[in-house]
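What follows is a short report on a single structure.
The values are calculated or read from the model by the stated rules, or taken from the named source; none is laboratory data. None of the values given here were measured: they were computed from a predicted structure. Backbone-built Cβ (ideal geometry, glycine too); neighbour counts: all protein chains shown. Note: areas computed on protein heavy atoms with side chains; ligands, DNA, RNA excluded. Shrake-Rupley method; radii C 1.70, N 1.55, O 1.52, S 1.80 Å.
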Amino acid sequence: MSFDQMMIQFSAPTLCIIKSGNMFFARNRTFSKDCFETWKSSLVKYGIAAFSNQLSETSTAILVLNICWVRKILNDSFVKAYLSAKGYKISNAFNFVNDLFTRMKNEEGFPHEIGIILGYPVEDVIEFEKHQGKNCKYCGCWKSYSDVETAKACKYNFTECSKLCKSWYNAGYTLDKIINEYKKYSKAA
């Protein structure tokens, strides 16, 4: 799978504005800095920011975020208190992402609080940490400890979105056309 195909498939829910963010990992031999920079530039007009961070000799993390949505999440008082207790100083979304990437690279554990900006319920992020990822009620796009029906609906919607966007991309659609087609699809559904 090319890097372009990965961007479409793994970021589709964010590109189509049904999810605040997506994260995926690419092997360094697949990751193209030039291609990434092209994507990064083209996403700005949609209010989407893309970040990359080489985590190891073999892996690069790619994070795609709807910046307005993430700002709203980070301004929630409960989220602020939770992240502050974890040592984050949230001045803006970009600083938060830089802090996350630093923690991903330097710490032994994975900063599961990243789930918050990916649109996962903060309650589920907290429960995931508390139970060390065990004893969830449902495992879909994230491990749900509370609202299983919403988690199931999200998994279905995100999977369907990714599948449709991938097929449109493979048919030669531009990013604008993909986003417009998804808007039409979601209105008709």
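Under a cut-off of 14 Å between alpha-carbon atoms, report the aspartates and glutamates in cross-link reach of Lys166, not counting same-chain residues fewer than 8 places apart.
Once the sequence-local aspartates and glutamates are set aside, what remains near Lys166 is Asp4, Asp176, Glu181.
Could you compute the FRET efficiency for Asp176 and Arg71, with r as their C-beta to C-beta distance and R0 at 25 Å, rounded to 0.05? Spell out each step's value before the answer.
On the way: r = 24 Å, r/R0 = 0.97.
Taking R0 as 25 Å, the efficiency between Asp176 and Arg71 is 0.55.
Starting from the 7 Å offset along Cα-to-Cβ, what nm value, one decimal, do you get for the label separation of Glu123 and Gln5?
Here the modelled spin labels are 4.0 nm apart.
For the stretch 1-88, report the convex hull volume of the alpha-carbon atoms normalised per residue, in Å³, without decimals.
In the stretch 1-88, the Cα hull volume divided by residue count equals 95 Å³.
For Cys35 paired with Ser84, estimate the spin-label separation in nm (one decimal), with each label point 7 Å from Cα along the Cα-to-Cβ line.
About 4.3 nm separates the two model spin labels.
In nm, to one decimal, how far is the modelled label at Ser146 from the one at Ser59, with both set 7 Å along Cα→Cβ?
Placing both labels 7 Å along Cα→Cβ, they lie 2.8 nm apart.
Give me the percent of accessible area attributable to carbon and sulfur for the chain, probe 1.4 angstrom. Numbers along the way, then the final one.
Values: 5260 of 10240 Å².
On the chain, the fraction of accessible area on carbon and sulfur atoms equals 51 percent.
Give me the base-10 log of I(q)/I(0) for the stretch 126-189 at each q in 0.18, 0.21, 0.24 Å⁻¹, Debye formula, one uniform scatterer per Cα, rounded to two decimals.
Log10 I(q)/I(0), no solvent term: -0.71, -0.80, -0.91.
Could you give the radius of gyration (one decimal) and Dmax (whole number) of the Cα atoms in the stretch 65-164, in Å?
Using the Cα atoms of the stretch 65-164, the pair Rg, Dmax is 14.0, 40 Å.
Tell me the relative contact order for the stretch 2-77 as a rounded percent, counting alpha carbon contacts under 8 Å between residues six or more apart. List each step's numbers first, then the result.
Details: 100 pairs, mean separation 25.9, N = 76.
The normalised contact order for the stretch 2-77 reaches 34 percent.
Given 0.36 nm per residue, what is the gain on full extension from Asn135 to Asn98 after removing their alpha carbon distance, in nm? Don't skip to the answer; put the middle values down first.
Details: separation 37, 0.36 × 37 = 13.32 nm, distance 3.11 nm.
Once the chain is fully extended between Asn135 and Asn98, it gains 10.2 nm.
Scattering from the C-alpha atoms of the stretch 1-151 alone, worked out with Debye: what is log10 I(q)/I(0) at q = 0.17, 0.21 1/Å?
Summing over Cα pairs of the stretch 1-151 leads to -1.06, -1.50.
Could you tell me which of the pairs Lys163/Lys184; Lys40/Lys89; Lys105/Lys137; Lys80/Lys155; Lys163/Lys183 are separated by over 19 angstrom between their Cα atoms in the structure shown? Numbers along the way, then the final one.
Numbers: Lys163/Lys184 15 Å; Lys40/Lys89 25 Å; Lys105/Lys137 30 Å; Lys80/Lys155 26 Å; Lys163/Lys183 15 Å.
Listed pairs above 19 Å: Lys40/Lys89; Lys105/Lys137; Lys80/Lys155.
Over the alpha-carbon set of the stretch 22-67, divide Rg by the Kirkwood Rh and report the Rg/Rh ratio to two decimals. Don't skip to the end; give the middle numbers.
On the way: Rg = 10.6 Å, Rh = 10.8 Å.
Dividing the radius of gyration by the Kirkwood radius yields 0.98.
Run through the stretch 87-189 and list the GluC sites (Glu not before Pro) located in a DSSP loop whose Cβ has at most 13 other Cβ atoms within 10 Å.
Glu107, Glu108
Nearest 500 deg cm²/dmol is fine: what mean residue ellipticity at 222 nm does the chain get from its DSSP H runs of n ≥ 4 alone, each adding -39,500 (n - 2.57), divided by its residue count? Can you show the working numbers first?
Numbers: 9 runs with 106 residues, N = 189.
It lands at -17500 deg cm²/dmol.
Relative to the Cα centre, what is the charge dipole magnitude of the stretch 1-77, using +1 at the beta carbon of each Lys and Arg, -1 at the beta carbon of each Asp and Glu, and rounding to the nearest 20 debye?
140
What number comes out for accessible area per residue over the chain if the probe is 1.4 Å? Units Å², please.
Numbers: 10240 Å² over 189 residues.
Accessible area per residue: 54 Å².
Given Cβ point charges of +1 (Lys, Arg) and -1 (Asp, Glu) and nothing else, what value in debye, to the nearest 20, does the dipole of the stretch 36-87 about its Cα centre take? Before the final figure, lay out the partial values.
Working: 6 positive and 3 negative charges, 55 e Å.
The dipole of the stretch 36-87 has a size of about 260 debye.
Return the inverse of the average 1/r over all pairs of distinct C-alpha atoms in the stretch 91-143, which is the Kirkwood hydrodynamic radius, in Å to one decimal.
Values: mean 1/r = 0.0834 Å⁻¹.
Here the Kirkwood hydrodynamic radius works out to 12.0 Å.
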